[in-house]
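Here's the structure we're looking at; comments come further down.
Computed from the coordinates by the stated procedures, all read-outs in this text should not be read as laboratory data. Everything quoted here is computed from the prediction, not taken from an experiment. Glycine also receives a Cβ, built like all others from the backbone with ideal geometry; neighbour counts cover every protein chain displayed.
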Amino acid sequence: MPQSSITAKRSYPLSSSEAKACSLLEQMTLEEKIGQMSQVNGGGWNLHDAIRNGHIGSVLNEVDVEKVNELQRIAMQESRLGIPLLIGRDVIHGFKTIFPIPLGQAASWDPKVLEQGAAIAATEAASTGVNWTFAPMIDITRDPRWGRIAESLGEDPYLCGVLGAAMVRGFQGNQLSDSNSIAACAKHFVGYGAVEGGLDYNTANIPENELRNVYLPPFKQALNAGVATFMASFSDLNGVPAAGNEFLMRQILREEWCFNGFVVSDWDAIRELTVHGFTANDRDAVLEATNAGINMEMASSLYKDHIPSLIAEGKIEEAELDSLVFGILKLKFELGLFDNPYTDPGQFPQPVNPDHLQAARDAAERSCVLLKNDHQMLPLSRDALGSVAVIGPLADDGYEQLGTWVFDGEAHHSHTCLQAVHDLAGDAFEVRWASGMSSSRSRDHDGHHEAVKIAAESDVAIMFMGEESILSGEAHCRAEIDLPGSQEALINEVAATGTSIVLVVMAGRPLTLGSVLDKVSAILYAWHPGTMGGPAIIDLLFGVAMPSGKLPVSFPRLVGQVPIYYARKNTGRPPSHENITHIDEIDGRAAQTSLGMSAFHLDAGFTPQFPFGFGLSYTHFDYREFERSAESIAMGETITLSATVQNCGSREAEEVVQLYIRDLAGNVTRPVRELKGFRRVPLAPGESKRVSFEIHTDELAFHNRKMELVTEPGGFHAWIGGDSNAHLWTEFQIRE
Ligand code: GLC
C-alpha cells in the first residue's frame, strides 16, 4: 500500500477494501488517479466522454436513476479500469420525505429521531442511485444571524456530537455496502459556525484551545461513529482556509485522529483559496490543497488542470497523490459499488410512503418547543371551541414549511397547518382563515384588516408566523433576527381585538420575540417542520400529542446579545440579578460606578429570552433527591449522579432530563456549566422515576494550555433539571 504521511501511521492489517484499493491503484495512470479526485456537477453538460476517459471520480446533483445508471454503465463498461462513480447529493433533512430542519430535529434531543430520519433519507436517496450525502452538518454555532444555523444541531458540543453520530449511523446503516446505506460526510471541517458577524463564508478566529474544547468534539464523535468522509469548510480559520489547512487535515484529522477516509473540498473552495488571498493562483491553490490532504475537488477542475505539471516538476510526490486516491477507492469498495454499481428503484420502498410520513410526523412532533403557555391556554379543546381564526403567511404553505436546502422534496406532498386544522375540526368548530400577509417578508398591511376581522369574530386566533425558508440556510444571513415584514404589527392588531393568540413560529433560526411576548398567550416554536409539519403542530396544539421539545440553542432577547450561549465563561465579574441595573432604572446623573460592574448589557441584562435546553410541557415535572454516589472519586473512577423526577400533572409526558457539570477551577477557564448527559424519560401522570447518570473522570477532560487532553483533580458542581438553568445541584471532588 502506498506509504505516505496520511497512511504511514497504519499499524493494523489492511481491510479487504483497502487491499483491493491498493491493487487497483497500482494499475492506474496519473490521469486516471487525478480523475478519481475530481467531482463534477451533474444534471447538465455531457459527462459521458469524461467518464469514459477516466477523468471523473464522482458526480453530484444527478438524481435521475436512469441517467445515474447510464453514467455508472459507462464508468464500468467503457472506461479502461471500470471504476464506478460516487454519486453525491445534499440530503440534510430528508430526500423526498422532508423532516424538520436539523436544528429542529436537534430540539427533539432524541438520537433515535435523527437516526431514523437519516435512514429514511438514505433509503429514498439510494433509490435514485445516490450513494453519498454531504451530511451531518455538525458545525457548532452560537450566532443565529448565520443562516446555516438552520442546518446545524445547535450550540452545544455534547448534544451535537451525540445527535451527529446518530445521523452517521442512520445514513451509513449496519454496513456501507447495504443497498439502502449511503456514505455520510461530516461537515464543515472546522469552525465555520464561528464566522465573524454571523456572515456566511466570513473569517473565523478561534483559539486552538477553544477549537479543541468546543468545535472539534462533534467531528470526533462523527469519526468515532465511522463517518466515511469529511468536508473541508469554505471559511478560513485563523487566517488559513480549511481547504489549504494542513494543521486541520493532516495534524488533527489524520495524525491525531487516524482518520482513514477521505476529505472533499466544498464547492469550488480550492479555487477560492486564491480569492481568499491565501494563494496567488490556481496552481498554488492545488499545491496547498493536496499538501493539506484534500482528496477530492468539488465542482472546480484545478486538480485536473494543474496536478500533472506539479507532479512533473516534483512539487507533488506521486506517492502522496496515491494516498489521496487510495481513500476514494477504498470507499468505493466499501460501498460495494464494483459489485453493485447499478440501482433498481423497484428494490426500494416507494418514497413518501405512509411509514416515512409517519416518521416525519413523529419527528416534527418531538421537535416543536413550547416556549410559552399562559394560564394553560394550551392544549385547545376541540369540543369547547366554537370558532378558530387561522392567520398568517405560513399557515398554508407547503413549500415554506419544508425549510432550507431542500432539493428533492416537493411542496405538494406537504400537509399544512390549515389543512390539519380542518381535518381535526370536522364539524366541531368553525375554521376561519386569512393569511394577513402575502409573504413572511411583506411590509404592507393590506391583508391585516381581514385577519383582524376574523380574529375578532373567533374564540381564539392561531397565528402561523416566522420566516420563509429562503431566509435561512447557506448565504442567507440576517443582521436583525426579529419577525420579518409587518408581522409584529399584525400580531399587535390581532391582539387588540381581545381574542387570545396562540403563536406558532416557523423559522430557520432563533428569532427575537420580545416585542410580541406579552401580546400572545402561547408560543409553539416549530422551526421549519417538514412535510408533515401541519398535523404534528395541530396535534400538539389540541393535546392529541404532548410537547416535549427542548431548545438546542439559546434565544437572545436582542440580536446585540449575540453570541449568547449557556456554556459561557464566568469572567472575573460575573453578572447576577442582584448586581445589574436596567437602562430604564438608572437614576439621573447616576454615579459612574453605580450600575453593577459586571458582564451585562444595560438594555438586555445577561440572560437569554429562552435558555438552552428549555421547553414547556402540558404537565409539570418535579426534580428532587439529587444525590452523588460518593463525595469524591479518584482519577479513572466513575461517579453516579441520581435524582428523582416526577410527572406532577394528569397527562402522560416525556421529560428530557439534563445533567450539567462545572469544573470549578481549570488550567484554562472552564464554562459555568457543560451538558454531560441527557435522557428522554416517559412518565405517567403522577409517576416518579429515579434517573441516574454515570460520569467517568475522562468525561470531564478538557484541553489545557498545552493542548493536552486532561482531567484535573479539584471541585465540581453538578445540576440536574429540565433546562440549562437547572437549580437542583450537588458537588463532588476528584482526588489526585
Ligand atoms: C454547498 C455547501 C455544502 C454542500 C455543497 C454541495 O455550497 O457549502 O454544505 O454540501 O455545496 O451542495
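Neighbouring Cβ atoms within 10 Å as the yardstick, rank 430, 66 fewest first.
Taking fewest neighbouring Cβ atoms as first place, the list is 66, 430.
May I ask you to evaluate 6.51 cos²θ - 1.76 cosθ + 1.60, the Karplus curve with θ = phi - 60°, for each residue of the range 260-272 and list the ³J(HN,Hα) values in order in whole Hz, giving x for glycine and proline?
Running phi through 6.51 cos²θ - 1.76 cosθ + 1.60 with θ = phi - 60° gives 10, x, 9, 10, 9, 6, 7, 4, 6, 5, 6, 4, 6 Hz.
Please get the size of the charge dipole for the chain, origin at its Cα centre, with Cβ charges of +1 on Lys and Arg and -1 on Asp and Glu, quoted in debye to the nearest 20.
Dipole size: approximately 1180 debye.
Counting Lys and Arg as +1 and Asp and Glu as -1, what is the net charge of the other residues whose Cβ lies under 11 Å from the Cβ of residue 40?
With Lys, Arg at +1 and Asp, Glu at -1, the neighbours total -1.
Per-residue HN-Hα couplings for the range 498-503, Karplus 6.51 cos²θ - 1.76 cosθ + 1.60 at θ = phi - 60°, whole Hz, x for Gly and Pro?
In residue order, the calculated couplings are x, 6, 5, 10, 9, 9 Hz.
When a footprinting reagent is the concern and you count Cβ atoms within 10 Å, what order do 284, 322 take, fewest first?
Ranking 284, 322 by Cβ neighbours within 10 Å, fewest first, gives 284, 322.
Filter 332/676; 453/519; 67/220; 220/330 down to the pairs with a C-alpha to C-alpha distance above 29 Å, please.
332/676; 67/220
For residue 42, what residues show an amide H to amide H distance below 5 Å, using hydrogens built from the backbone and excluding near sequence neighbours?
60, 61, 62
Once you place label points 7 Å from the Cα toward the Cβ at residue 492 and residue 342, how far apart are they in nm?
That separation, rounded to one decimal, is 6.6 nm.
Given a Förster radius of 60 Å and the C-beta distance between residue 733 and residue 309 as r, what FRET efficiency does 1/(1 + (r/R0)^6) yield to the nearest 0.05?
0.45
For the chain, what does the relative contact order come out to in percent, with C-alpha contacts under 8 Å and a separation of six or more?
13
If you place +1 on the Cβ of every Lys and Arg, -1 on the Cβ of every Asp and Glu, and leave all else neutral, what size is the dipole of the range 272-317 about its Cα centre, to the nearest 20 Debye?
60
Please arrange 377, 546 by counting, for each residue, the other beta carbons lying within 10 Å of its beta carbon, fewest first.
Listing 377, 546 from fewest to most nearby Cβ atoms yields 377, 546.
Projecting each Cα onto the charge dipole of the range 164-314 (Lys/Arg +1, Asp/Glu -1 at the beta carbon, about the Cα centre), which of 233, 197, 167 comes out farthest on the positive side?
The one lying farthest along the dipole's positive direction is 167.
If we count every other residue with Cβ under 10 angstrom of residue 477's Cβ, Lys/Arg +1 and Asp/Glu -1, where does the sum land?
+1
Only helical DSSP H runs with n ≥ 4 go in: add -39500 (n - 2.57) per run for the chain, normalise by residue count and round the 222 nm mean residue ellipticity to 500 deg cm²/dmol.
Mean residue ellipticity, 222 nm, calculated: -7000 deg cm²/dmol.
Take the alpha carbon gyration tensor of the range 396-497, find the square roots of its eigenvalues, order them as a ≥ b ≥ c, and report rounded if a/c is under 1.5; if not, report prolate when a/b exceeds b/c, else oblate.
oblate
Determine the percent antiparallel among the DSSP beta bridges restricted to the chain, to the nearest 5.
Bridges in the chain that DSSP calls antiparallel: roughly 55 percent.
Highest mean first, how do 519-529, 723-733, 47-57 rank when packing is the count of other Cβ atoms within 10 Å averaged over residues?
Highest-to-lowest ranking by the protection proxy: 519-529, 47-57, 723-733.
Answer rounded, prolate or oblate for the range 300-378, using the Cα gyration tensor with square roots of eigenvalues a ≥ b ≥ c: rounded when a/c is under 1.5, else prolate when a/b is larger than b/c, else oblate.
In terms of gyration-tensor shape, oblate.
Within the range 216-276, which trypsin sites (Lys or Arg not before Pro) sit in a loop by DSSP and count at most 13 neighbouring Cβ atoms inside 10 Å?
Hits after loop and neighbour filter: nothing returned.
Evaluate E = 1/(1 + (r/R0)^6) for residue 46 and residue 573, where r is the Cβ-Cβ distance and R0 equals 41 Å; express this FRET efficiency to the nearest 0.05.
Working from the Cβ atoms, E equals 0.05.
Could you tell me, in Å, what Rg and Dmax come out for the Cα atoms of the chain?
In order Rg, Dmax, the Cα atoms of the chain give 26.7, 84 Å.
Is the range 647-701 best put as rounded, prolate or oblate by its Cα gyration tensor, with a ≥ b ≥ c the root eigenvalues, rounded for a/c under 1.5, and otherwise prolate when a/b is larger than b/c, oblate when not?
prolate
Let me check I've understood the local charge: for residue 559, count other residues with C-beta under 13 angstrom from its C-beta, Lys and Arg +1, Asp and Glu -1. What total comes out?
The answer is +1.
Whole angstrom only: what separates the Cα centroid of the range 197-214 from the Cα centroid of the range 573-626?
27
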